[in-house]
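Notes to accompany the following structure.
The values are calculated or read from the model by the stated rules, or taken from the named source; none is laboratory data. These numbers come from a predicted model, not from an experiment. Cβ atoms come from the backbone with ideal geometry, glycine included; neighbour counts cover every protein chain shown. What goes into the accessible areas is simple: the full protein's heavy atoms, side chains included, and nothing from ligands, DNA or RNA. Shrake-Rupley method; radii C 1.70, N 1.55, O 1.52, S 1.80 Å.
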Amino acid sequence: MADIFISYSSKDKEKADQLSELLASAGLSVWIDQSGIDVATSWSKEIVQAIDGCKAFIVLLSPNSIISKNVVREVSLAFEKNKKILPLDLEPVALSEDLQYHLAGIQRAPMTNIDAIIRALGKLGLVATQAPTLKLVKETDPRKSLMILPFQDLSPIGDNAWFADGIAAELISALSNVKALRVSDTQATKEFKSYKGQLAPYAQEMSIRYFIEGSVRKFGDQIKITSALLDIETGDHLWIR
């Protein structure tokens, strides 16, 4: 059996094939359903055996896959079998309720960041025997990449974390409607709370250039909210409010 299983929507088959070929060119063994898992007849003994035998389970997240019943079934099966799951974003999406339970707290990475994927697989004991000889065909995305960092609760007794989280969620919801922006979802912001590394490497790994950071402080009946827009490439705060 192959070491790596790739779960995807048939509508994303071209990208799934690209990733499979790239990983194979690095000397890694990959199993991928060539018919596309959204085909009803493809949920078979062969797929169950492939998940059972794999050491790493990659799921490609997109607007198509998060509503695919078969993707959810595969993720659920991998979760039940205690497989190491690596979620990769084809584009930033909010997880469906069915996927949130199984993927909550798991670091997500963009599929275009091959170095991060190879490192993550290496940590699972799946070491590439050579550098990939193929490259992904990257689509040009004119939108500016943005992430809302968790707002800090600076109140004297720290009892307004719920309000700080609400402010971040409202910003994500509002800015996600701006067509010129590619905004990371609420789950990514929540997961960042447990991230212990530096922001610059995280930005590079997740392909994010701009961050909004802020804080909430309560004084009696008054609440002060501050926020700033950071350009991670230049290190400049473009505005502070």
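Brief remarks on what is shown
- Taken together, the criteria place GLN198 among residues that are under 24 Å from GLU91 (Cα atoms), open to solvent by 50 Å² or more (accessible area, probe 1.4 Å) and free of Cβ contacts under 8 Å to residues at least 24 places away in the same chain.
- Failed item, numbered, when THR140 is tested on (1) modelled with pLDDT under 85; (2) part of a helix (DSSP H, G or I); (3) of a type in the set (Val, Ile, Thr): (2)
- Candidates in region 113-125 are the residues that are in contact (Cβ under 8 Å) with a residue 60 or more places away in the chain and more than 14 Å from LEU19 (Cβ to Cβ); of these, the one that is surrounded by the most Cβ atoms within 10 Å (Cβ to Cβ) is LEU124.
- Some residue of region 211-234 being closer than 27 Å to TYR101 by Cα, among the small types (Gly, Ala, Ser) and without any contact (Cβ under 8 Å) to a residue 12 or more places away in the chain: no
Each row is one residue, and each column tells you yes or no for (1) part of a helix (DSSP H, G or I); (2) modelled with pLDDT of 90 or more; (3) closer than 29 Å to ASP185 by Cα.
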| site | (1), (2), (3) |
| --- | --- |
| GLY27 | no, yes, no |
| GLN34 | no, no, no |
| THR41 | yes, no, no |
| ALA50 | yes, yes, no |
| VAL59 | no, yes, yes |
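- Residue check, SER9 at pLDDT below 95 and open to solvent by less than 10 Å² (accessible area, probe 1.4 Å): yes
- Selection of region 13-25 for residues being open to solvent by 20 Å² or more (accessible area, probe 1.4 Å) and either touching a residue at least 24 places away in the same chain (Cβ under 8 Å) or assigned to a strand (DSSP E or B) (or both) yields LYS15, GLN18, GLU21.
- THR129 open to solvent by less than 80 Å² (accessible area, probe 1.4 Å), among the hydroxyl-bearing types (Ser, Thr, Tyr), farther than 30 Å from LYS218 by Cβ and touching a residue at least 12 places away in the same chain (Cβ under 8 Å): no
- Whether a residue is open to solvent by 40 Å² or more (accessible area, probe 1.4 Å), among the acidic types (Asp, Glu) and touching a residue at least 40 places away in the same chain (Cβ under 8 Å) was assessed, and GLU91 passes this test.
- Only listed residue being surrounded by 21 or more Cβ atoms within 10 Å (Cβ to Cβ) and of a type in the set (S, T, N, Q), chosen from ASN82, ASN64, ASN70: ASN70
- Counting only residues that are part of a helix (DSSP H, G or I) and either touching a strand residue (DSSP E or B) at 6+ places or on another chain (Cβ under 9 Å) or not polar (S, T, N, Q) (or both), region 68-122 holds 26 of them.
- Annotation note: of SER215, SER207, SER184, the sole residue that is open to solvent by less than 60 Å² (accessible area, probe 1.4 Å) and either over 22 Å from the mean Cα position of the chain (by Cα) or farther than 23 Å from ARG108 by Cβ (or both) is SER215.
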